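The values are calculated or read from the model by the stated rules, or taken from the named source; none is laboratory data. Just so it is clear, the structure is predicted and the values come from calculations on it, not from any experiment. For neighbour counting, all protein chains shown are included, and Cβ atoms are generated from backbone atoms with ideal geometry for every residue, glycine included. Ligands, DNA and RNA are stripped out before the accessible areas are found, and what is left, the full protein with its side chains, is counted by its heavy atoms. Shrake-Rupley method; radii C 1.70, N 1.55, O 1.52, S 1.80 Å.
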Amino acid sequence: MGMTISEKILAAHAGLDKVVPGEIINAKLDIVHANDVTGPVAIKEFNKLGLEQVFDKEKITLVPDHFTPNKDIPSAEQSKVMKEFAQKMEIKHYWEVGRVGIEHCLLPEQGVVLPGDLIIGADSHTCTYGALGAFATGVGSTDCAAGMATGEAWFRVPESLKFVFHGTRFQPWVSGKDLILYIIGKIGVDGARYKAMEFAGEGIRCLSMDNRLTICNMAIEAGAKTGIIEPDEITLEYVKPRAKREYKVYKSDPDAVYEKIYEFNTEEIPLQVAFPHLPENTKSVDEASGLKIDQIVIGSCTNGRLEDLEVTAKILKGKKIHPEVRCLIFPGTQQILLEAMRRGWIETMIEAGAAVSTPTCGPCLGGHMGILAKGERALSTTNRNFVGRMGHPQSEVYLCNPAVAAASAVRGEIVHPREVMNNG
Amino acid sequence: MGRAWKFGHDIDTDAIIPARYMNRSEPEHLAAHCMEDADVSFAPNVKKGDIIVAGKNFGCGSSREHAPIAIKAAGVKAVIAESYARIFYRNALNIGLPILECPEAVAGIEAGDEVEVDLVSGRIENKTKKATFQARPFPPFMQELINAGGLIPYVKEKTKNA
């Protein structure tokens, strides 16, 4: 009986030949990660251990991205705690504002997280790195503290669910975001609870890394422990120029055991919109058509990458944001922002009347830089539409891909991109 | 013995502690806003020893440990749910917030009922309705963590012996 990619990575890091779902293992970690919200709590717990140093200063990543640039005095204090810890412990992977980006855009881009890694991060969207063929999962601050101290964590080996996409033809404007929203709509927000979601098939293999990162990013929205994709040529093309250390490619055995296999045809998937207040409340964009919008958010660890900005610029080119709409754009990293600027996309966005921000998690979690008032409605490329997620408890968040968001920004209501692209 | 506060399915961590309060992490600050976006009357009225009773997938969403910290600091003795999201489950065990999985108890307890919970045996008694329930036992490894007093004391012991 073979093993899945998830089981192989866990077994290798636990020093075992084989693991089976349900087994509790202790495993060695390649990366332990935290941000400016979870980091200070982890540091407080770490300090209770009375240790002088972390297990390995090259294997810890601290990314101040949630409330940065610091939105108020308490946030500034939190960032300071993390910065001082990074200095004291000589943490290699710490970035200040101006160099920092949104954690799950930054770490893959910088080649810090690599195929075959076992990663824990005190942020639920740590599962993003599964797109590189790593086993990466979100934990809380105390698990993170223990990881920083020992370089190890305990895991319950998860059952794997396989999501196979047949075909390589997609409906126009459909992206990785639509695939993952479609799955969550089918299985629900606890449909993969405690499990590993493995994405496979030619419909995945034909996708760019940006799209794959988006898919794995939202595995947590189905309750999963991780989302993961076997590395292929596209993965290695992305990884090779970035990696500064050894990495290992794992693949699932042909006779690996899955708790369940879901199969989809790529052509069946329409553009998705998730209605409040759960990501599972998905409908096709045509069913959402006509809903008036106050704010558009394009960016985040889900959709703040170069291809997301490319499609946004393509749609906004030569058009104007609807006069009653605020359109906020958050590139994921400084490198992404710079590249978009060089290609003229930022100019296109500003000329259209959008606000372009420095990288930050900002409004996605209702932190800052775009909070909703009572009764306001946002259409956003972020990952969650819970009650109060982007501001007032009586505001609403709808989730979609960047093309739908950009087109809707122009129209002032939710529309299919074809509605604003008739002439080009 | 405490009163039951009843919540539905998929109570997410944004509802348990909205991110707008996470610019600080002191337990008493978080407790003052606990469950605010699910029930604004909770934080001002919850009493020490009260119980949270909820449906499936309690604590879904973000990894914020601020969520179980807020519940614990609000004085809640235990959470009883049909099921838990995995990060919340780990976090609660790690910080010592008692959580019990018992769909039967969730069905058999209404808001305001007086509930007695024995954390050692997992026995749940609804004094108001005169009914008892048995929560699912923790797997042995988790029981070891709980017995150690949470993850940090457990690791402290381990690093001391290393």
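Taking the stated definitions as given, is B:V117 surrounded by 12 or more Cβ atoms within 10 Å (Cβ to Cβ), touching a residue at least 40 places away in the same chain (Cβ under 8 Å) and in contact with a Pro (Cβ under 9 Å, 6 or more places away or on another chain)?
Values: surrounded by 12 or more Cβ atoms within 10 Å (Cβ to Cβ): yes; touching a residue at least 40 places away in the same chain (Cβ under 8 Å): yes; in contact with a Pro (Cβ under 9 Å, 6 or more places away or on another chain): yes.
Yes, satisfied.
From the list A:G138, A:G98, A:G130, exactly one residue is at pLDDT 95 or above and on the phi > 0 side of the Ramachandran plot. Which is it?
Working: A:G138 fails: on the phi > 0 side of the Ramachandran plot; A:G130 fails: on the phi > 0 side of the Ramachandran plot.
On inspection, the qualifying residue turns out to be A:G98.
From the residues in region B:130-156 that are free of Cβ contacts under 8 Å to residues at least 24 places away in the same chain and open to solvent by 90 Å² or more (accessible area, probe 1.4 Å), which one is farthest from A:T150 (Cα to Cα)?
Out of the qualifying residues, it is B:K130.
Take the residues of region A:272-296 that are part of a loop (DSSP other than H, G, I, E, B) and acidic (D, E): which is farthest from A:C364 (Cα to Cα)? Break it down stepwise before answering.
Residues of region A:272-296 that are part of a loop (DSSP other than H, G, I, E, B), as a first pass: A:275-281, A:289-291, A:293-294.
Then keep just the ones that are acidic (D, E); that gives A:280, A:294.
Numbers: A:E280: 17, A:D294: 15 Å.
Going through the qualifying residues, I end up with A:E280.
Among what's in region A:388-423 and is under 17 Å from A:K283 (Cβ atoms) and within 14 Å of chain B (Cβ to nearest Cβ), pick the residue that is farthest from the chain's Cα centre (by Cα).
Ranking the qualifying residues of region A:388-423, first place goes to A:E396.
In this structure, does A:E419 turn out to be in contact with a helix residue (DSSP H, G or I) (Cβ under 8 Å, 6 or more places away or on another chain), within 22 Å of A:V100 (Cα to Cα), surrounded by fewer than 20 Cβ atoms within 10 Å (Cβ to Cβ) and charged (D, E, K, R)? I'd like the intermediate steps shown before the answer.
Working: in contact with a helix residue (DSSP H, G or I) (Cβ under 8 Å, 6 or more places away or on another chain): yes; within 22 Å of A:V100 (Cα to Cα): no; surrounded by fewer than 20 Cβ atoms within 10 Å (Cβ to Cβ): yes; charged (D, E, K, R): yes.
The answer is no for A:E419.
Only residues that are more than 10 Å from chain B (Cβ to nearest Cβ), part of a loop (DSSP other than H, G, I, E, B) and on the phi < 0 side of the Ramachandran plot: list them for region A:361-384, please. Break it down stepwise before answering.
Residues of region A:361-384 that are more than 10 Å from chain B (Cβ to nearest Cβ), as a first pass: A:362-363, A:369-370, A:372-382.
Cutting the leftovers down to part of a loop (DSSP other than H, G, I, E, B) gives us A:369-370, A:373-376, A:381-382.
Hits for region A:361-384 are A:A373, A:K374, A:E376, A:T381, A:T382.
Identify the single condition in (1) without any contact (Cβ under 8 Å) to a residue 60 or more places away in the chain; (2) more than 19 Å from A:L399 (Cα to Cα) that A:E230 does not satisfy, given that it satisfies every other one.
So A:E230 meets the others, but not (1).
Give the residues of region A:342-365 that are surrounded by fewer than 24 Cβ atoms within 10 Å (Cβ to Cβ) and touching a Pro at 6+ places or on another chain (Cβ under 9 Å), sorted by residue number.
A:I346, A:G353, A:V356, A:S357, A:T358
Looking only at region B:77-125, count every residue that is in a strand (DSSP E or B) and under 19 Å from B:H9 (Cα atoms) and tell me the total.
Filtering region B:77-125 down to residues in a strand (DSSP E or B) leaves B:78-81, B:84, B:99-101, B:114-118, B:123-125.
Okay, now just the ones that are also under 19 Å from B:H9 (Cα atoms), so B:78-81, B:84, B:99-101.
Total satisfying the criteria: 8.
Could you please give the count of residues in region A:121-169 that are more than 14 Å from every other protein chain (Cβ to nearest Cβ), farther than 21 Å from A:V19 by Cα and within 22 Å of the chain's Cα centre (by Cα)?
The total comes to 6.
Look at region A:272-293 and say how many of its residues are of a type outside the set (G, A, S), open to solvent by less than 50 Å² (accessible area, probe 1.4 Å) and over 30 Å from A:G22 (Cβ atoms).
Qualifying residue count, region A:272-293: 8.
For every residue, the table says whether it meets (1) more than 24 Å from A:F170 (Cα to Cα); (2) more than 14 Å from chain B (Cβ to nearest Cβ).
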| position | (1), (2) |
| --- | --- |
| A:M218 | no, no |
| A:I234 | no, yes |
| A:E237 | no, yes |
| A:K244 | yes, yes |
| A:E259 | yes, yes |
| A:P270 | no, yes |
| A:A274 | no, no |
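Do we find a residue being in a helix (DSSP H, G or I) and either open to solvent by less than 10 Å² (accessible area, probe 1.4 Å) or among the hydrophobic types (A, V, I, L, M, F, W, C) (or both) anywhere in region A:15-38?
The initial filter retains those residues of region A:15-38 that are in a helix (DSSP H, G or I), namely none.
No - not one qualifying residue is present in region A:15-38.
When B:G61 is evaluated against the numbered criteria (1) over 15 Å from the mean Cα position of the chain (by Cα); (2) at negative phi; (3) within 14 Å of chain A (Cβ to nearest Cβ), which criterion, by number, is the only one it fails?
Unmet for B:G61, out of (1) over 15 Å from the mean Cα position of the chain (by Cα); (2) at negative phi; (3) within 14 Å of chain A (Cβ to nearest Cβ): (2).
Sort out which residues of region A:43-74 are assigned to a loop (DSSP other than H, G, I, E, B), buried (at least 24 other Cβ atoms within 10 Å of the Cβ) and at the interface with chain B (Cβ under 10 Å from one of its Cβ atoms), and write them in order of number.
Taking region A:43-74 and keeping what is assigned to a loop (DSSP other than H, G, I, E, B), we get A:49-59, A:64-72.
When the remaining residues are screened for being buried (at least 24 other Cβ atoms within 10 Å of the Cβ), the result is A:64-68.
Result: A:H66, A:F67.
I'm trying to understand the selection: among the residues of region B:94-109, which are open to solvent by less than 20 Å² (accessible area, probe 1.4 Å) and facing chain A (nearest Cβ under 9 Å)?
B:N94
Would you kindly identify the helices (runs of 4 or more DSSP H) lying entirely within region B:1-54 that contain at least 1 residues that are among the hydroxyl-bearing types (S, T, Y), crowded, with 17+ Cβ neighbours inside 10 Å and within 11 Å of chain A (Cβ to nearest Cβ)? Spell out how you get there, then give the answer.
Details: elements: B:13-16, B:27-31, B:42-45.
In region B:1-54, the matching helices (runs of 4 or more DSSP H) lie at B:13-16.
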